[in-house]
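Peer 1: Sending over a structure as structure tokens; questions will come in a sec.
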Amino acid sequence: MIRTAKISDLDQIMQIVEGAKSDMNSYGNYQWNEDYPKAENFMNDINSGSLFVYDIKGMLAGLVCVNKEEPEEYKNADWSMDKEAYIIHRLAVNNSFLGQGIGYELINYADVICAKNNVSYIKTDTNALNVKAQSLLTKCGYTFVGETSLTGYRGLFYCYEKAL
């Protein structure tokens, strides 16, 4: 089940993040590194109620942050709408659960959050090298809208959107 993350989840969250970093680094994607994301990022997400975890009998299978914190650089992207949106950040699946649809469920949980809050638009981005995330976003009904660069990160990021 997907639920709001708690402070007591932090150790498992960071284990998932370390596994995701290793996976991304294995194909040259250094979007996540020693500087980002840190426990502090997840603490802030937990405290704001914007971090959600996929919990299977106490074991975390994945996580996603969904909030309205839009990166400044999104202004450079070619979004199809100029309206209130939720933004998907920091998606990761526990390496022990890869290929089981956990990422799909977490991405689609943003739809639930939008419905609860009467918002009909979602935005996100992923590193241009992250083919897995790009495929997942497309599978979940997101549309590619262009590229941007993000301050402090190397390489291009692909922007995706979904209207509900």
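Only the coordinates and a few stated rules stand behind these numbers; no lab work does. This is a predicted model, so every value here is computed, not measured. For neighbour counting, all protein chains shown are included, and Cβ atoms are generated from backbone atoms with ideal geometry for every residue, glycine included.
Peer 1: Per DSSP H run of n ≥ 4, the term is -39500 (n - 2.57); total these for the chain, divide by its residue number, and report the mean residue ellipticity at 222 nm rounded to 500 deg cm²/dmol.
Peer 2: Working: 4 runs with 50 residues, N = 164.
Result for the chain, helices only: -9500 deg cm²/dmol.
Peer 1: Just to be sure I follow the definition: excluding the sites themselves, where is the longest run in the chain that has none of the GluC sites (Glu not before Pro) in a DSSP loop with at most 13 other Cβ atoms within 10 Å? Mind showing how you got there, number by number?
Peer 2: On the way: sites that count: E34, E69, E84.
Of all site-free stretches, the longest is 85-164.
Peer 1: Would you kindly compute the Cα radius of gyration of segment 2-163 and its largest Cα-Cα separation (Dmax), both in Å?
Peer 2: When restricted to Cα atoms, segment 2-163 yields Rg and Dmax of 14.7, 42 Å.
Peer 1: Residues with amide H under 5 Å of E69's amide H, sequence separation 5 or more or different chain, H placed in the peptide plane at 1.01 Å from N; which?
Peer 2: Under 5 Å from the amide H of E69: I87.
Peer 1: Right, next: Using the Cβ atoms and a cut-off under 15 Å, what net charge is assigned to the surroundings of T148, where Lys and Arg are +1 and Asp and Glu are -1?
Peer 2: Values: positive: K75, K123, R154; negative: E70, E72, E73, D78, D125, E147, E161.
Residues close to T148 contribute a combined charge of -4.
Peer 1: Okay, next question. Give me the three principal axis extents of segment 1-49 from the C-alpha atoms, as integers in angstrom, largest value leading.
Peer 2: Rounded to whole Å, the extents work out to 32, 24, 14 Å.
Peer 1: Can you compute the charge dipole magnitude of the chain about its Cα centre, using +1 on each Lys and Arg Cβ and -1 on each Asp and Glu Cβ, nothing else charged? Give it in debye, rounded to the nearest 20.
Peer 2: Working: 15 positive and 21 negative charges, 85 e Å.
Dipole about the Cα centre, nearest 20: 400 debye.
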